[in-house]
Amino acid sequence: MIFSLVTMPYSRIELTSVALGLLQSHLNRAGFESKSYYANILFAEKIGTLPYTRVSLFRPRLAIADWTFSHIAFPDFSPDHDEYLNHVMTMNEVYTPVDRRKLEDLLWSVRKDAQEFIEELACRILENNPRIVGCSSTFCQHVPSLALLRRIKDLSSDVITIIGGANCETIMGLSTHRLFEWVDYVVSGEADELIIPLTKNILDMGSQIPSDELPWGVFGPVHRQIGYPIAPDNGYEGVPRASVTSMDDYPTPDYQDFVETLNSAATIRDQIVPGMTVESSRGCWWGQRKGCVFCGFNGKGMKFRSKDPEKFVAELAELHGLYGIDGIETVDNILDMNYLKTVLPMIKQAGSPYRLYYEIKSNLQRRHVQILREAGVIWVQTGIESLNTNVLNLMNKGCKAYQNIQLLKWLREFGIRVHWNLLYDFPGDKDEWYQEMVDFIPLLSHLQSPVKVAPLEFCRFSRYHENQRVYDLKLRSSTPFKYVYPVAQKDLNDLVYFFEDEVRSVNELNPVIAFFTAREVFKTLRRQVQDWRDLFWQEQVKLLMEIIDDELVIYDTRPVATSECHRFSGLKKEIYFAADRAPEKDAMIMEFSRQGFSTHDIEAICKELLDDNLAIEIDGRFLALAVRGPVRELPTVVEYPGGVVIHKEYAHLVRQAAR
């Protein structure tokens, strides 16, 4: 065996790793024998899917997942664990109250099992006598990966160890290499074009590759002696990053080891409905133009690149034919808008044989949403983030609130389930902006609610992080990481992805202080959204419109309804139809005036629609809230394209639930 590729806990166990799949295909195509180890599945089998999922779902900035493996990666490090657990439990309780004792018992149990697991995994990998062992590290995988590579090196010092992935972008990768000597090579950036030359050099020279023969973006043992390379044009950090210019020569990912690992996990395989990851683009075309101020995705690799449409459609068909999995989650940060004219119609023409997930920008048109659904896109994540244009402008989202509401209408109409978050507490925001949302959210209970309501979090590569003085911020690595890594604060600031503001973080240390100091409108907003969730998902309230016998009939079961049924004809019907497109109100009035209707009558009808909670005025627009009927059913949770874990403890509830 030449190369062992590993994805560690706590990546999702129901989903393939596109990083491992691509690298393994590159290696196999070049004639290097390789194997992918889905250690995440193996660990879930050891501790159970429910404990695994509970740990994995904690916010990464709490470092809980990392803590469960930190004693293995850093055996000589002895922080105050009680202080750590009290700290993170307190931070968590500010937003998500939990039973501390039960959770702490779970974490100690998982931490204990992790020790035995690393020993078993290292021995299992070394049984195949690999020359190289590499881990892909994203979010909560870094310390587990460091723990494995350290044990591999302890057991077999001749094995070359590598780590790469999002956690190794630029300064994070350099710091990982500088601080942890058992890691031979670190890849900063995209490894597709360097994995083969790097592997060849390792097989020839091991850990002694000269600096001038290392691919750009790779840090090796030689750099610990002569110093690290610099990249003056790579932003404020000046650290090299590998990138590729085209995706068209990429092989189809190899997921055979995922399938075999899942099938061999006898105790949990029946709890997992698998999904496949695919990659049709990299970077973000919006981030390349302007970018959301809070986003740190893509690191320094913001340049947008997408696959040739025919190649991507063929890849989907090949993967489906090989593995028989029809649930497909794209890992793209944003949909290539050209795919609406190319890829998606091609998939529709092929019979829409997949259940697809995509991330989309929220300023799509209704016809775009229809194209998505007809091609089999049943689930999307969209960067709505707020329903107030002032807040959206602070975020630099490039859209307005009325567009977000329109998108929610169309997603409900065409039966596409949406994952979106409502964020708050941005530098420079105002209470009245959130109050405006609070006031009209009750009118939106027939639309899909946010999955999460959460305050802004700070991450590396975001504009907040790179321009702290502009936003009056003083960021440092999130406090829990100091209980995980045995390094100085300065090194932590270079090593981790998640940050906290020194002033804002004070309130997280005490739920009581947080409660009394929190802006009242945020509490109200969270309560309002909880009511929204209950009304939509539990009571399934509706606001639908249909044409019946030349009348516009509107059915309304929302708590704010003034009547269960409205019937419109004539001018009122035409105005409501026009408002379905969210026109500028003044322009709409002028247009109907040109048709001979009196301004008084038009304005009176608009007022009636507002009084009946059937429309709202927002961003200077007059927006009809009813969803066009008939609407398609939304997919259930078990139909999620990216796979689902049905924990045995709750399997009977999931199967009974419609959602």
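What ratio of Cα Rg to 2.2 N^0.38 Å holds for the stretch 181-289?
1.41
Across 10 Å bins from 0, what is the distribution of all Cα-Cα pair distances for the stretch 309-401, in whole percents?
That works out to 15, 46, 25, 12, 2, in percent per bin.
Provide the gained length on full extension for the span Lys112 to Glu584, in nm with one decimal, where the gain is 0.36 nm per separating residue minus the Cα-Cα distance.
163.8 nm
Quick check: residue separation of Asn393 and Ala488 times 0.36 nm, minus the Cα distance between them. What number comes out in nm?
30.5 nm is the gain from fully extending Asn393 to Ala488.
Rounded to the nearest whole Å², what accessible area per residue is found for the stretch 1-92 with the 1.4 Å probe?
Heavy-atom accessible area per residue stands at 29 Å².
Test of understanding: what is the full-extension gain from Thr342 to Gln370, defined as 0.36 nm times their sequence separation minus their Cα-Cα distance?
Details: separation 28, 0.36 × 28 = 10.08 nm, distance 1.44 nm.
Computed gain between Thr342 and Gln370 is 8.6 nm.
Given the DSSP H assignment, sum -39500 (n - 2.57) over each helix run of at least 4 residues in the chain and divide by its residue total; what's the result at 222 nm in deg cm²/dmol, nearest 500?
Taken over the chain, the calculation gives -12000 deg cm²/dmol.
Please work out the C-alpha center-to-center distance from the stretch 17-54 to the stretch 181-215 and express it in whole Å.
For the stretch 17-54 versus the stretch 181-215, the Cα centre distance is 21 Å.
How big is the chain by the Kirkwood estimate over distinct Cα pairs, in Å? Walk me through the intermediate numbers first.
Details: mean 1/r = 0.0374 Å⁻¹.
Result for the chain, one decimal place: 26.7 Å.
If you take the alpha carbon radius of gyration of the stretch 517-659 and divide it by 2.2 N^0.38 Å, what ratio comes out, to two decimals?
1.37
Where the centroid of each part is defined by its Cα atoms, how far is the stretch 104-132 from the stretch 222-293 in Å?
Centre-to-centre distance over Cα atoms comes out at 24 Å.
Once every Cα of the stretch 530-610 carries one equal point scatterer and solvent is ignored, give the base-10 log of I(q)/I(0) from the Debye formula at q = 0.11, 0.12, 0.23 Å⁻¹, two decimals.
-0.37, -0.43, -1.10
So how strong a dipole does the chain carry about its Cα centre when Lys and Arg Cβ are +1 and Asp and Glu Cβ are -1, to the nearest 20 debye?
My answer is approximately 240 debye.
With labels modelled as points extended 7 Å from the Cα through the Cβ direction, what inter-label distance (nm, one decimal) is found for Thr53 paired with Ser157?
4.5 nm
Antiparallel DSSP bridges in the chain: what percent, to the nearest 5?
Antiparallel: roughly 40 percent of the beta bridges in the chain.
Sort by residue number and name the cysteines in the chain that have no neighbouring cysteine Cβ under 4.7 Å.
Cys123, Cys135, Cys140, Cys168, Cys284, Cys399, Cys459, Cys565, Cys606
Just the ratio, please: alpha-carbon radius of gyration of the stretch 98-210 over 2.2 N^0.38 Å, N its number of residues.
With N residues counted in the stretch 98-210, Rg over 2.2 N^0.38 Å equals 1.20.
Within the stretch 410-442, which residues have the backbone N less than 16 Å from the label spot 7 Å out from His320 along Cα→beta-carbon, could you tell me?
none
Give me the Å³ per residue figure for the convex hull around the C-alpha atoms of the stretch 421-466.
Dividing the Cα hull volume of the stretch 421-466 by its residues yields 82 Å³.
Starting at 0 and stepping by 5 Å, how many percent of the alpha carbon pairs of the stretch 259-368 end up in each bin?
Distribution as computed: 2, 10, 19, 20, 16, 13, 11, 7, 2, 0 percent.
Once the dipole of the stretch 1-129 is set up with Lys and Arg at +1 and Asp and Glu at -1 on Cβ about the Cα centre, which of Ser4, Ala63, Gly21 lies farthest towards its positive end?
The listed residue farthest towards the positive side: Gly21.
Could you work out the Rg to Rh ratio of the stretch 472-590, with Rh taken as the Kirkwood radius (inverse of the mean 1/r over all Cα pairs)?
My calculation puts Rg/Rh at 1.28.
Quick one: Debye curve from the C-alpha atoms of the stretch 160-208, no solvent, what's log10 I(q)/I(0) at q = 0.26 Å⁻¹?
Calculated log10 I(q)/I(0) at the listed q: -1.01.
Using all Cα-Cα distances in the stretch 589-653, what percent lands in each 5 angstrom bin from 0 up to the longest?
3, 12, 13, 13, 11, 8, 7, 8, 7, 7, 5, 4, 2, 0
Using alpha carbons only, what's the Rg to Rh ratio of the stretch 1-66 with Rh from Kirkwood?
Here Rg/Rh amounts to 1.07.
Provide the descending list of Cα extents for the stretch 400-549 along its principal axes, expressed in whole angstroms.
73, 32, 30
Based on the alpha-carbon gyration tensor of the stretch 1-142, what equivalent-ellipsoid semi-axes (square roots of 5 times the eigenvalues) come out, in whole Å, largest first?
For the stretch 1-142, the ellipsoid semi-axes come out as 31, 16, 13 Å.
The values are calculated or read from the model by the stated rules, or taken from the named source; none is laboratory data. Not measured: the values here are computed from a predicted model. Here the Cβ is made from the backbone with ideal geometry for all residues, glycine too, and neighbour counts use every protein chain on show. Accessible surface is based on the protein model in full, side chains and every heavy atom, while ligands, DNA and RNA are left aside. Shrake-Rupley method; radii C 1.70, N 1.55, O 1.52, S 1.80 Å.
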